[in-house]
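Before any comments, here is the structure.
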Amino acid sequence: MSAVHYELIGNIGVIRLNNPPVNALSQALREGLWGAIKNAQDDTSQALILLCEGRTFIAGADITEFGKPPQAPALSEVITEIENSHKPVIAAIHGTALGGGFEVALACHYRCALASAKIGLPEIKLGLLPGAGGTQRTPRLAGVEAALELITRGTPISAEKAESMNLIDRVIENDLLSGTLTYAHELIQRNAPTRRVRDICIDPASIPEGLFDDFRQRLEKRTRGQLAPQHIVSCLEAAVKLPFEQGLAKELDLFIECLLSSESAALRHLFFAERTATKIKGLPKDTPTREIKSVGIIGGGTMGGGIAMNFANAGIPVKLLEVSQTAIESGLAVISKNYSISMNKGRLTEGQKAHFLSLIQGTTNYSELAEVDLVIEAVFENMALKQEVFTKLDQSCKPEAILATNTSFLDIDQIAAATSRPENVIGLHFFSPANVMKLLEVVRGTKSADPVISTAIQLAKTINKTPVLAGNCYGFIGNRMLLPYNREAQLCLLEGATPEQIDSVMESWGMAMGPIAVGDLAGLDIGFKARQGLSDAERGDPKTYCIADVLVKMGRLGQKSGAGYYRYDPETRARVNDLEVLAIIEAQAEIQGIKRRKISNKEILERLTFALINEGANILEDGTAQRPSDIDVVYVYGYGFPAHRGGPMYYADNIGLAKVYESICAFHDRLSENCWTPAPLLARLAREGSTFASWADDSH
Ligand code: 3H9
C-alpha cells in the first residue's frame, strides 16, 4: 500500500495514511496528503475524513529529517491546503496525535477521537516548539492558559480531557471509521461550515494582566535556561497580540532557532538513544520472551517497596517477602504513604491507590513464591546474604522463573553460582526512588540466557522504564562511572573546594543534584557499611572516603539524620552550609598532607565530567556498554545528567575528544598518575580526530 490511499465511501472521501511504524510526516506522506486533499476538492465527496492505518494517528514530524535540507512540500503548506479545503475535513484519531500530527488535526475543521486516543504537543521534550501552527491554533480553541500548560508540559492528554478543552469535537467509543462517518453525515445534513480554527479571535482583554510574565518566571524555575520553553510563551503571546499570519511567522522563526540549537540536537539524540538501547546486539529478533504475570520481591525496604510499586502500577501482582510481619507492615506503610503523596498531587484517585495496594501482598514464607514468574532480590548489598537468598529462591521457585538481583555493584555470576539455574539469573538494577526513576540497568551474567535478556527488556517497557543492557563488572555502567566522578569530588574537597562550591558548579551546569548533596540524600552510612566488607585493596585510596568516614562516625549520616556534609532544615529540608564540616575537611586535608588551594569552577567541572567520560571510554572498549548512546541514556535517566547536554559521551563528542584527552593528560601529569590514566579508546579517537559516535557507527 502506498503512503496515502483515497477512497469514496458513499459521499464521504476517506484519506488513509500509512507510514509505519508511527505515521511520521515524512516527505512522501506530506506530498501524498497534500495531493489527496487537492484532488478530493473536485470529486463527488461532500466531506473528507483523515484516518491513519496501523497503531497510531500521525505521531509528528519525521524527526530523522531534522537537520537535513528541507524537502517540499513543507508541513505548513500541507496544513494550509487542509484548512483551505472547501469541503469539511474531519480528523479521525486513534493511538496518539502528537506534535505535527496534532497540528494536522488542528488544521482539520472537525476532530473525532477514539476514547483510548491521546493528543499532545510534546515538541518541548525535543527542545522544540510546535512549528506548524500549534502555538497559534491551540489557544484559539482551548484558551491561552490551558494552551500554555499543554505545550510547556508536552505531556499527552486523554481524548476525554481534550474534548473538555474544546480540542476534540466527538469522542468515539468503538469503531472509529463508522463513528466518524456518522459524524460526517451529521455535518453534511446540517450544512456545517468549514470551520477554520485560524478564524477564531482571541480577545486580548480576556487575558489576565501579567499572565505571560508570571508564567515565564515560573517556567524558568522548572526549565533552567532552556530556550524552547521561553519561546513557547512568546509564541502564545503572539497568538494574542498579532494577527494569525504574523503569529505563524513568529512561530516559524522561533521554531527554526530551536531546531538549530545544541539543546534540541542533544534531546533528539536522546530520543533515538533511548529507543536504540532496547536493541540488543547478537540477539535474534525472534528471541522468545516469557510472560511475567506475577512477581516476587525480596526485601520491603525503600528499594524493594519502590520496585513493588512499579509492578502494581502495571497491574502485575507482587508478593513482597520480608523477615517478619513487623517488617512487612512497615514496608507496606511506606508504599501506602508514597501512593498518598501521588494522590495529594492529584495524580492518583483513591480507587487507584486501593487497587494498587491490593496487588501487593506481604509474606515471610519463600514457599509462597513457588508460582511467580520473576523474583527480584533487593536485600542489603552483601554477597553472602545475597547468595543465601538465591539458594533459597532456587529451591522454592519453579524452574523457569527468572531470578533477578537488584545489586548495584556485586558480581552477578557469583550470585548465579548459588543456584542450579544460572541461565535464569540476571541483574535488574533499579535507581532510587525506584517508583520514579526511569532507568533500569539490565545486567547480563556470563550464563544469562537470551530469552531472559529479551524478557527483561520487554518487561521494562511494561513497567514504564528505560532499559539499558550492561555487562557484569563492579558497578556495571552507571556506578562504575560514578566511582571516579565521586573520587574527584572528594579530592576537590580536600584540595580546597567547599561542598557548596562543588554542588553549585555541577547544578548550575545542569546536574539535577551535585555529588556532595547526592551523598547526603543517599545516606553516608550506606557507603561506609559497604566499605567495611572490602579489603584495603578493594576500598582504594583512603583519601576518597576519609571525610565521609569522619562524618559517619559523628552520626552525620546525611539528610536522614538532619546533617551530613550539610545541615538540613527540619521543616523545609533545605540544605545549609556548615562551618563544622569545613573544619573537618581542613583537618583531613592536613592528615593526608594536602595543602588546600583555591580551585576554579572550571577545574571542578572538568575533573568531574572528564572522569565520567574517561571511564565511559573504558566501558565501551571492554564491552560493558553496547554503544556510547547507551551510556548517555544511563546518565540522563539514572543520574540526573542534564538532558539538554545529551549525556556524557555525546557531550564529549561535542566539545571534542582531543580537548578532553589533553585535559586528562594534564590532570595525569599534575594530579595523580593512578587516577588519571587516559582510556586507550579515548586516546586513539582523539589522535584520529574522531568521535565516540562515529566509532560506534564504523566498527560496532
Ligand atoms: C514535530 O512534530 C514538530 C512539528 O511541530 C513541526 C514540524 C515543522 N519521527 O517510541 P517507539 C520511531 S516534532 C521519526 O518505540 P511506541 C522510533 O524511533 C515530533 N521516527 O514506539 C522507533 O524507531 P525504531 C513530535 C519516529 O509505540 C519507532 O518509531 N512528536 C518518530 O512506544 C517506534 O517508536 C513526537 O515527539 C518520529 N516523530 O511509541 C512523538 N516517532 O523502531 C515521538 C517515533 O527504529 N514519538 N519514531 O527504534 C513518540 O512519542 C512515540 O514514538 C509514540 C509511539 C508515542 C508515537
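Restrict the check to region 564-572 and report whether at least one residue is in the same structural domain as Ala548 (by TED's automatic domain parsing), buried (at least 24 other Cβ atoms within 10 Å of the Cβ) and under 19 Å from Leu491 (Cα atoms).
Initially, region 564-572 is screened for residues in the same structural domain as Ala548 (by TED's automatic domain parsing), giving 564-572.
Cutting the leftovers down to buried (at least 24 other Cβ atoms within 10 Å of the Cβ) gives us 564-565.
From what is left, the residues that are under 19 Å from Leu491 (Cα atoms) are 564-565.
Yes, region 564-572 contains at least one residue that is in the same structural domain as Ala548 (by TED's automatic domain parsing), buried (at least 24 other Cβ atoms within 10 Å of the Cβ) and under 19 Å from Leu491 (Cα atoms).
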In region 597-609, residues that are under 23 Å from Phe692 (Cα atoms) and either surrounded by fewer than 24 Cβ atoms within 10 Å (Cβ to Cβ) or within 23 Å of the chain's Cα centre (by Cα) (or both) total 4
Checking Glu77, Glu81 in turn, the sole residue that is surrounded by fewer than 15 Cβ atoms within 10 Å (Cβ to Cβ), acidic (Asp, Glu), within 15 Å of Cys108 (Cα to Cα) and within 16 Å of the ligand (Cβ to nearest atom) turns out to be Glu77
Taking first residues from region 32-59 that are among the charged types (D, E, K, R) and second residues anywhere that are outside any helix (DSSP H, G or I), the pairs with Cβ under 6 Å that are 6 or more apart or on different chains are Glu53/Arg16; Glu53/Asn18; Arg55/Gly95
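Looking only at region 48-71, which residues are small (Gly, Ala, Ser) and touching a Phe, Trp or Tyr at 6+ places or on another chain (Cβ under 9 Å)? Working first, answer last.
Of region 48-71, the ones small (Gly, Ala, Ser) are 54, 59-61, 67.
Listed by number, the list holds a single entry, Gly60.
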Condition set of a type in the set (Gly, Ala, Ser), in a helix (DSSP H, G or I) and farther than 22 Å from Pro317 by Cβ, scope region 439-491, selection farthest from the ligand (Cβ to nearest atom): answer is Ala489
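Looking at Gly299, Gly247, Gly305, Gly315 in this structure, which one is in contact (Cβ under 8 Å) with a residue 12 or more places away in the chain, away from the ligand (no atom under 13 Å from the Cβ), buried (at least 18 other Cβ atoms within 10 Å of the Cβ) and farther than 27 Å from Ile526 by Cα? Talk me through it step by step, then tell me what you get.
Details: Gly299 fails: farther than 27 Å from Ile526 by Cα; Gly305 fails: farther than 27 Å from Ile526 by Cα; Gly315 fails: buried (at least 18 other Cβ atoms within 10 Å of the Cβ).
Result: Gly247 is the single residue among Gly299, Gly247, Gly305, Gly315 that is in contact (Cβ under 8 Å) with a residue 12 or more places away in the chain, away from the ligand (no atom under 13 Å from the Cβ), buried (at least 18 other Cβ atoms within 10 Å of the Cβ) and farther than 27 Å from Ile526 by Cα.
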Conditions (1) assigned by TED's automatic domain parsing to the domain that holds Thr405; (2) touching a helix residue (DSSP H, G or I) at 6+ places or on another chain (Cβ under 8 Å) -> Leu483 fails only (1)
Output for Cβ contacts, cut-off 6 Å, separation at least six or different chains, first residue over 18 Å from Val633 (Cβ atoms) in region 274-287, second hydroxyl-bearing (Ser, Thr, Tyr) and away from the ligand (no atom under 14 Å from the Cβ), reads Thr287/Ser454
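What tally of residues in region 274-295 results from selecting those that are assigned to a loop (DSSP other than H, G, I, E, B) and either within 13 Å of the ligand (Cβ to nearest atom) or of a type outside the set (Ser, Thr, Tyr) (or both)?
The initial filter retains those residues of region 274-295 that are assigned to a loop (DSSP other than H, G, I, E, B), namely 277-294.
Right, trim to either within 13 Å of the ligand (Cβ to nearest atom) or of a type outside the set (Ser, Thr, Tyr) (or both) and you get 277-286, 288, 290-293.
Total satisfying the criteria: 15.
Would you point out which residue out of Asp525, Asp541, Asp536 is surrounded by 14 or more Cβ atoms within 10 Å (Cβ to Cβ), free of Cβ contacts under 8 Å to residues at least 40 places away in the same chain and among the acidic types (Asp, Glu)? Break it down into steps so the answer makes sense when it comes.
Details: Asp541 fails: free of Cβ contacts under 8 Å to residues at least 40 places away in the same chain; Asp536 fails: surrounded by 14 or more Cβ atoms within 10 Å (Cβ to Cβ).
Unique residue meeting the criteria: Asp525.
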Apart from one, (1) assigned to a helix (DSSP H, G or I); (2) modelled with pLDDT of 95 or more; (3) more than 16 Å from Ala434 (Cα to Cα) all hold for Met343; the odd one out is (2)
Note on region 250-273: residues of a type in the set (A, V, I, L, M), touching a residue at least 40 places away in the same chain (Cβ under 8 Å) and away from the ligand (no atom under 12 Å from the Cβ) are Ala265, Ala266
Going through (1) within 14 Å of the ligand (Cβ to nearest atom); (2) buried (at least 18 other Cβ atoms within 10 Å of the Cβ) one by one, Pro229 fails only at (1)
Only one of Ala3, Ala59 is buried (at least 19 other Cβ atoms within 10 Å of the Cβ), touching a Gly at 6+ places or on another chain (Cβ under 9 Å) and modelled with pLDDT under 95, namely Ala3
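Taking the residues in region 140-178 that are under 23 Å from the mean Cα position of the chain (by Cα) and assigned to a loop (DSSP other than H, G, I, E, B) as candidates, determine which candidate is farthest from the ligand (Cβ to nearest atom). Spell out the reasoning first.
So the first thing to find is which residues in region 140-178 are under 23 Å from the mean Cα position of the chain (by Cα), and the list is 148-158.
So of that shortlist, the ones also assigned to a loop (DSSP other than H, G, I, E, B) come out as 154-156.
On the way: Gly154: 8, Thr155: 11, Pro156: 8 Å.
For region 140-178, the residue satisfying everything is Thr155.
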Within region 266-279, restricting to residues that are surrounded by 19 or more Cβ atoms within 10 Å (Cβ to Cβ) and under 19 Å from Val442 (Cα atoms), the one that is farthest from the chain's Cα centre (by Cα) is Ala277
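If you go through region 496-509 one residue at a time, how many are surrounded by fewer than 21 Cβ atoms within 10 Å (Cβ to Cβ), assigned to a helix (DSSP H, G or I) and either in contact (Cβ under 8 Å) with a residue 12 or more places away in the chain or touching a Leu at 6+ places or on another chain (Cβ under 6 Å) (or both)?
Looking only at region 496-509, we keep the residues that are surrounded by fewer than 21 Cβ atoms within 10 Å (Cβ to Cβ), and these are 496, 498, 500-501, 504, 507-509.
With the extra rule that they be assigned to a helix (DSSP H, G or I), the set shrinks to 500-501, 504, 507-509.
Applying the additional criterion that residues be either in contact (Cβ under 8 Å) with a residue 12 or more places away in the chain or touching a Leu at 6+ places or on another chain (Cβ under 6 Å) (or both) yields 500-501, 509.
The number of residues fulfilling the criteria is 3.
So, of the residues in region 84-105 that are hydrophobic (A, V, I, L, M, F, W, C) and touching a Ser or Thr at 6+ places or on another chain (Cβ under 7 Å), which turns out to be nearest to the ligand (Cβ to nearest atom)? Don't jump to the end; show me each part of the working.
Within region 84-105, the subset hydrophobic (A, V, I, L, M, F, W, C) is 89-93, 97-98, 102, 104-105.
Cutting the leftovers down to touching a Ser or Thr at 6+ places or on another chain (Cβ under 7 Å) gives us 90, 92.
Numbers: Ile90: 21, Ala92: 17 Å.
Among those residues, the one meeting the criterion is Ala92.
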Test: residue in region 318-325 that is within 16 Å of the ligand (Cβ to nearest atom), assigned to a loop (DSSP other than H, G, I, E, B) and surrounded by 15 or more Cβ atoms within 10 Å (Cβ to Cβ):
no
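The values are calculated or read from the model by the stated rules, or taken from the named source; none is laboratory data. Bear in mind that the values here come from a model prediction, so they are computed numbers and not experimental data. No Cβ is skipped: glycine too gets one built from the backbone with ideal geometry, and neighbour counts run over all protein chains shown.
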